[in-house]
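Working notes, structure below.
What follows draws every value from the coordinates through simple rules; no lab data is involved. It should be emphasised that the depicted structure is a prediction, and the values quoted were computed from it without experimental measurement. Cβ placement follows ideal geometry from the backbone for every residue including glycine, while neighbour counts extend to all protein chains displayed.
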Amino acid sequence: MLIDFRELLSGSGNEISYPANIDMTSLDDGVNKYPVIRKEPFVIQAYKTGKDKVQIQCEGSVTLSIPCDRCLEPVEINIDFNVDDVIEFNKTESDEEQEEKDYIDGYNLDVDRLIFGELLVSIPGKILCREDCKGLCPVCGTNLNVAECGCDRDVLDPRMSVFKDILNNFKEV
Ligand SMILES: [Zn+2]
Ligand SMILES: [Zn+2]
């Protein structure tokens, strides 16, 4: 959704609370696409802090479905966001030093883009369905949390082969 700040900038009041929500149904970072499982409406608190200058504050949370790094089963990851930012509209060309805010277009704030940026930097680097996830069998792809496929996955150190023989003999007894 877009929020138009012209009313706040031209009106007599210095503060408006905008009800906001996220339209996106998945977070697509260009490589991966994570479905949005839960999102809740939130409020963007906006304060006029100068001519064409608005401070925005909001917080909320979004739950994404992200595959486990090891077994690829979807994991629900809850990500909180907390924004406190100052937006300057009508910036002149010489303001190049200020970073470009891609969620601002004219006098509009693109809520999805703002939150997208927040979520993107907050996705944990490591996603595991559980600490001791056994992952997938590199031979046949079976999810080892669910079943044992019986593949020989040991890339054995030659020095270990003696022990392997002992083990095999042991099993045959
Ligand atoms: Zn897993
Ligand atoms: Zn296997």
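A few comments on the model shown:
- Globularity ratio of segment 2-120, using Cα Rg and 2.2 N^0.38 Å: 1.21
- With K and R counted +1 and D and E -1, the other residues having a Cβ less than 15 Å from that of CYS68 yield a net charge of -1.
- Summary of packing: across the peptides 35-46, 61-72, the per-residue average of other C-beta atoms within 10 Å ranks them, highest first, as 61-72, 35-46.
- Stretch gain in nm, segment LYS126-ASP4, where the contour uses 0.36 nm per residue and the Cα spacing is subtracted: 40.2 nm
- Mean Cβ count within 10 Å, highest first, over the residues of peptides 146-153, 14-21: 14-21, 146-153
- Pairs with C-alpha atoms separated by more than 20 Å, drawn from the list LYS48/LYS91; LYS53/LYS91; LYS33/LYS101; LYS39/LYS126, are LYS33/LYS101; LYS39/LYS126.
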